[in-house]
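Let me begin by presenting the structure, written as structure tokens, before commenting on it.
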Amino acid sequence: MKVVLDINVLLVSIPKKSKYRPIFDALINGYFHTVLVTTFFQNTSKF
């Protein structure tokens, strides 16, 4: 399964009492493979 995580999702998942904490824990425990798509950032910087 492929998952796209926005930086806002990551930020709200950091607090230990957040209901989204399992996302952060999964990231820390290596359940996700981190990929950065630079073409997305290049395309949006034109606006």
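List every residue pair whose Cβ atoms sit under 7 Å apart, with the two residues 6 or more apart in sequence or on different chains, where the first one lies in the range 2-14 and is of a type outside the set (Val, Ile, Thr) and the second, anywhere, is in a loop (DSSP other than H, G, I, E, B) and at pLDDT 80 or above.
Ser13/Tyr20
Tell me the residue from Phe40, Phe32, Phe24, Phe47 that is outside any loop (DSSP other than H, G, I, E, B) and modelled with pLDDT under 90, please. Even if it seems obvious, please write down each step before you answer.
Working: Phe32 fails: outside any loop (DSSP other than H, G, I, E, B); Phe24 fails: modelled with pLDDT under 90; Phe47 fails: outside any loop (DSSP other than H, G, I, E, B).
Step by step, each of Phe40, Phe32, Phe24, Phe47 is checked, and only Phe40 is outside any loop (DSSP other than H, G, I, E, B) and modelled with pLDDT under 90.
Does the range 1-20 include one or more residues that are part of a helix (DSSP H, G or I), among the charged types (D, E, K, R) and modelled with pLDDT of 80 or more? It would help to see each step written out before you state the result.
Filtering the range 1-20 down to residues part of a helix (DSSP H, G or I) leaves 7-13.
Filter once more, keeping what is among the charged types (D, E, K, R): none.
No, because not a single residue in the range 1-20 is part of a helix (DSSP H, G or I), among the charged types (D, E, K, R) and modelled with pLDDT of 80 or more.
The values are calculated or read from the model by the stated rules, or taken from the named source; none is laboratory data. Not measured: the values here are computed from a predicted model. Reconstructed Cβ throughout: ideal geometry from the backbone, glycine too, with neighbour counts over all protein chains shown.
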